[in-house]
1. How much length, in nm to one decimal, is gained on full extension between Glu35 and Val23, taken as 0.36 nm per residue of separation minus their Cα-Cα distance?
2. In deg cm²/dmol and to the nearest 500, what is the mean residue ellipticity at 222 nm of the chain if only DSSP H runs of at least 4 residues count, each as -39500 (n - 2.57), divided by the residue total?
3. With a 1.4 Å probe and every protein chain kept in, tell me what percent of the accessible surface of the chain is carbon plus sulfur.
Amino acid sequence: MSDDIGNGPRYRAIILSAAAGFVHHIKPRTTPFPEGLEARIELWDSTLTTLLDTWDATSISTGLVAWGIVPATTNTIPENSRYRMYLTYPTAPALPYLWAHGQVVRQQ
C-alpha cells in the first residue's frame, strides 16, 4: 500500500439559494497565506465543458480568503453545475492549487 502524494483537494458541494448571495471563508490550515495570494471559484456546466462564471475572492489576507457574491450573480448558476476553487500562490512561476471541487446544489 502506498500513500497519496500531491495536493488533496476537498470534495464539497456549494449550496446556492434563490435570491440569496454566496458567502464563504477559508482560513489557512497551518501557516498564514502568503502576501500576493490569489483565489477564485470557477463554475462549470454539469459536464465540465463550458465555463459559466468565475468568482474572484472579494477579500484576501494572510489569515482569511473570503467571497461575498451577490444574488444577481448566484441566481444564474444552475443546479448540478460543477465548481473548482483555486488558490494561486505567488511563486515563479505562479502555482495554482485546486483547493476544493464539487457540484452546485440549489436549496430554494
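The values are calculated or read from the model by the stated rules, or taken from the named source; none is laboratory data. Nothing here was measured: the structure is a model prediction, and the numbers come from that model. When the accessible area is computed, the model is the full protein with side chains, heavy atoms only, and any ligands, DNA or RNA have been set aside. Shrake-Rupley method; radii C 1.70, N 1.55, O 1.52, S 1.80 Å.
1. Extra length available between Glu35 and Val23 comes to 2.1 nm.
2. -500 deg cm²/dmol, from helical runs alone.
3. 53 percent
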